[in-house]
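*Asks:* My questions will all concern the structure given below.
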Amino acid sequence: MAMTIHVDIVSAETEIFSGPAEMVFAPAVEGEVGIAPRHAPLLTRLKPGEVRIQTPEGEELSFYVSGGMLEVQPHVVTVLSDLAERAEDLDEAAALEAKRRAEEAMKDRSAEMDYAKAQAELAEAAAQLRAIERLRKRSGRSH
Amino acid sequence: MAVAKEIRTKIGSIRNTQKITKAMEMVAASKMRKAQDRMRAARPYAEKMRQVVSHLAMAHAEYHHPFMEVREVKRIGIVIVSSDRGLCGGLNANLFRTLLRFMKEKEEQGVGIDLVTIGSKAAGFFGRFGGNITGSVTHLGDTPHVTDLIGTIKVMLDAYNEGGIDELYLAFNVFVNSMTQRPTIERMLPLQPAEDEELRHHWDYIYEPEPKPVMDALLERYIESLAYQGVVENIACEMAARMVAMKSASDNAGKLIDELELIYNKARQAAITQEISEIVGGAAAV
């Protein structure tokens, strides 16, 4: 039997493929790489493209990835696929948007945490819950 | 019969409320199942990611990533995961209480705190009571995507890289089962590498192109996947908590209706008795 290597392709929201392969091809940023069993440990980024897997049955499976990471250990290949194409400036824009929303939430108030007030409100909510609980118990007994 | 009519209206209105809470309970139950599926679907990625990162921590790289360095703690960042909507029992309140205790402790040690909020309940709560919010995202819906979180997480990672914060925590509810959700505060940065005996010997990866950008990209994704896992888990918790809350609301409504029906019947009976005695009294007078 030919030597095989275990391949896992996963994305953050789901598992895409898991099984043995004779050979794996992946679109690394430096050009396509082919991984055979007992490859040296490798860590690289992927660009959008096709990951191809040659199964021991001689089939060839292909999966599209929109970038991600590739990790190679001698007997395991892991493809951590991104869900969407990522670009530095897009990430930056998302971060700025998050900051803007935070500033909106922070408007007209101080950055100092008012612990006393916060705890008072939480305690009040808890007290209300307890009161309701007591009322329920009492009405339960009267029946 | 004025009293009887009043009670009847009240019973009607409670019955309507009960219908709504029952519907909400069923919706929450089905959403909870879906959220649990998503939680399960996200697990392989998180596990693989953890494996790769622990391999990386064991590798003897020339370049040491700042995410792995333990620094003296002067300021920390907390990513708070909450729900967008209420009517889910004490879920958010419990998390905030745990968080306040934690934050107070840190503050007493002279450690500053930056917050990033996910979900409008956290934004609202810390908006009212103060706290330095540096990033915020709301309305992720029932099917959040990793892409929605990138911006908020990047705010914290940038702060960490620039030395603005020295530790990063994630606060969310852990889904134990549909009856139990546990508020949890987990440290995300610096990383706590898992020990793996097999990889003890001296080795390193081949990095393409360079160790730094590869590690940057990998660890960034790792933190994002942790946060995503937290968000998905919190949604499952929210649905479970809402289901339980709505079930007890429906039960309470049922109890109230029973009580009111008893009062209504008594009132009706009293009215009839009164009428009869009036007629009898009138007849006797004639």
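*Asks:* Going through A:Pro74, A:Pro48, A:Pro56 one at a time, which residue ends up being more than 8 Å from chain B (Cβ to nearest Cβ), within 20 Å of the chain's Cα centre (by Cα) and modelled with pLDDT of 85 or more? Break it down into steps so the answer makes sense when it comes.
*Replies:* Working: A:Pro74 fails: within 20 Å of the chain's Cα centre (by Cα); A:Pro56 fails: within 20 Å of the chain's Cα centre (by Cα).
Among A:Pro74, A:Pro48, A:Pro56, only A:Pro48 is more than 8 Å from chain B (Cβ to nearest Cβ), within 20 Å of the chain's Cα centre (by Cα) and modelled with pLDDT of 85 or more.
*Asks:* Considering each of B:Thr147, B:Thr117, B:Thr98 in turn, give the residue that is at pLDDT 90 or above, within 21 Å of B:Glu233 (Cα to Cα) and surrounded by fewer than 24 Cβ atoms within 10 Å (Cβ to Cβ).
*Replies:* Numbers: B:Thr147 fails: at pLDDT 90 or above; B:Thr117 fails: surrounded by fewer than 24 Cβ atoms within 10 Å (Cβ to Cβ).
Being at pLDDT 90 or above, within 21 Å of B:Glu233 (Cα to Cα) and surrounded by fewer than 24 Cβ atoms within 10 Å (Cβ to Cβ) holds for just one of B:Thr147, B:Thr117, B:Thr98, which is B:Thr98.
*Asks:* To continue, here is another question. Within the range A:89-129, which residues are at pLDDT 75 or above and among the basic types (Lys, Arg)?
*Replies:* A:Lys99, A:Arg100, A:Arg101
*Asks:* If you take the residues of the range B:194-242 that are surrounded by fewer than 15 Cβ atoms within 10 Å (Cβ to Cβ) and touching a Pro at 6+ places or on another chain (Cβ under 7 Å), which of them is modelled with the lowest pLDDT?
*Replies:* Result: B:Trp203.
*Asks:* Test each condition in (1) free of Cβ contacts under 8 Å to residues at least 60 places away in the same chain; (2) under 30 Å from A:Ala40 (Cα atoms) for B:Gly110 and report the one that comes out false.
*Replies:* Result: B:Gly110 fails condition (2) only.
*Asks:* Among the listed residues B:Gln51, B:Gln18, which satisfies the condition of being without any contact (Cβ under 8 Å) to a residue 24 or more places away in the chain, buried (at least 16 other Cβ atoms within 10 Å of the Cβ) and of a type outside the set (Gly, Ala, Ser)?
*Replies:* Values: B:Gln18 fails: without any contact (Cβ under 8 Å) to a residue 24 or more places away in the chain.
Among B:Gln51, B:Gln18, only B:Gln51 is without any contact (Cβ under 8 Å) to a residue 24 or more places away in the chain, buried (at least 16 other Cβ atoms within 10 Å of the Cβ) and of a type outside the set (Gly, Ala, Ser).
*Asks:* Select, from A:Pro37, A:Pro20, the only residue that is more than 8 Å from every other protein chain (Cβ to nearest Cβ) and not in a strand (DSSP E or B).
*Replies:* One residue alone meets the criteria, A:Pro37.
Table: residues versus (1) hydroxyl-bearing (Ser, Thr, Tyr); (2) surrounded by fewer than 22 Cβ atoms within 10 Å (Cβ to Cβ).
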{"position": "B:Lys121", "(1), (2)": "no, no"}
{"position": "B:Leu140", "(1), (2)": "no, yes"}
{"position": "B:Thr143", "(1), (2)": "yes, yes"}
{"position": "B:Asn161", "(1), (2)": "no, yes"}
{"position": "B:Gly164", "(1), (2)": "no, yes"}
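*Asks:* I'd like to check something: does the range B:26-47 contain any residue that is surrounded by fewer than 17 Cβ atoms within 10 Å (Cβ to Cβ), in a helix (DSSP H, G or I) and acidic (Asp, Glu)?
*Replies:* yes
*Asks:* Oh, and also: For the range B:50-65, name all the residues that are touching a strand residue (DSSP E or B) at 6+ places or on another chain (Cβ under 9 Å) and away from chain A (no Cβ under 11 Å). Lay out the reasoning, then the answer.
*Replies:* Start the filter on the range B:50-65 by keeping residues that are touching a strand residue (DSSP E or B) at 6+ places or on another chain (Cβ under 9 Å), which leaves B:51-52, B:55-56, B:59, B:61, B:63.
If the condition is that a residue be touching a strand residue (DSSP E or B) at 6+ places or on another chain (Cβ under 9 Å) and away from chain A (no Cβ under 11 Å), then B:Tyr63 is the only one that fits.
*Asks:* Which of the residues that make up the range A:31-48 are closer than 20 Å to B:Glu220 by Cβ and out of contact with any helix residue (DSSP H, G or I) (no Cβ under 8 Å at 6 or more places or on another chain)? Reasoning before the result, please.
*Replies:* Step one: of the range A:31-48, the residues closer than 20 Å to B:Glu220 by Cβ are A:42-48.
Listed by number, the residues that qualify are A:Leu42, A:Leu46, A:Lys47, A:Pro48.
*Asks:* Of everything in the range B:229-250, what is within 12 Å of another protein chain (Cβ to nearest Cβ) and more than 12 Å from the chain's Cα centre (by Cα)? Give them in sequence order. Full working, then the answer.
*Replies:* Our first condition is that a residue be within 12 Å of another protein chain (Cβ to nearest Cβ); within the range B:229-250, this holds for B:229, B:231-232, B:245, B:248-249.
Once the filter is applied, which keeps residues that are within 12 Å of another protein chain (Cβ to nearest Cβ) and more than 12 Å from the chain's Cα centre (by Cα), the range B:229-250 yields B:Ala245, B:Ser248, B:Ala249.
*Asks:* Take the range A:23-34 and flag every residue that is hydrophobic (A, V, I, L, M, F, W, C) and more than 13 Å from every other protein chain (Cβ to nearest Cβ).
*Replies:* Pass one, the range A:23-34, residues hydrophobic (A, V, I, L, M, F, W, C): A:23-26, A:28-29, A:33.
The answer is A:Met23, A:Val24, A:Phe25.
*Asks:* Next question, about the same structure. Kindly provide the set of residues from the range B:62-80 that are among the hydrophobic types (A, V, I, L, M, F, W, C) and surrounded by 17 or more Cβ atoms within 10 Å (Cβ to Cβ), ordered by number.
*Replies:* Within the range B:62-80, the subset among the hydrophobic types (A, V, I, L, M, F, W, C) is B:67-68, B:70, B:73, B:76, B:78-80.
B:Phe67, B:Met68, B:Ile76, B:Ile78, B:Val79, B:Ile80, listed by residue number.
*Asks:* Could I ask something else about it? Report, by residue number, each residue of the range A:1-16 that is within 18 Å of A:His39 (Cβ to Cβ), surrounded by fewer than 22 Cβ atoms within 10 Å (Cβ to Cβ) and either under 21 Å from the mean Cα position of the chain (by Cα) or at the interface with chain B (Cβ under 9 Å from one of its Cβ atoms) (or both).
*Replies:* Quick first cut of the range A:1-16, residues within 18 Å of A:His39 (Cβ to Cβ) only: A:2-9.
The next check asks that each one be surrounded by fewer than 22 Cβ atoms within 10 Å (Cβ to Cβ); those that pass are A:2-6, A:8.
Residue satisfying the conditions is A:Asp8 alone.
*Asks:* Any residue at all in the range B:32-40 that's over 30 Å from B:Leu218 (Cα atoms) and either of a type in the set (D, E, K, R) or in contact with a Pro (Cβ under 6 Å, 6 or more places away or on another chain) (or both)?
*Replies:* Start the filter on the range B:32-40 by keeping residues that are over 30 Å from B:Leu218 (Cα atoms), which leaves B:32-33.
Now narrow it down to the ones that are either of a type in the set (D, E, K, R) or in contact with a Pro (Cβ under 6 Å, 6 or more places away or on another chain) (or both): B:33.
Yes, the range B:32-40 contains a residue that is over 30 Å from B:Leu218 (Cα atoms) and either of a type in the set (D, E, K, R) or in contact with a Pro (Cβ under 6 Å, 6 or more places away or on another chain) (or both).
*Asks:* Of the residues B:Leu168, B:Leu191, only one is within 21 Å of B:Lys106 (Cα to Cα), at pLDDT 85 or above and not hydroxyl-bearing (Ser, Thr, Tyr); which?
*Replies:* Working: B:Leu191 fails: at pLDDT 85 or above.
After ruling out the rest, the residue left standing is B:Leu168.
The values are calculated or read from the model by the stated rules, or taken from the named source; none is laboratory data. As the structure is a prediction and not an experimental result, all values here were calculated from the model. Quick reminder, even Gly has a Cβ in these numbers, built from the backbone with ideal geometry, and neighbours come from all protein chains shown.
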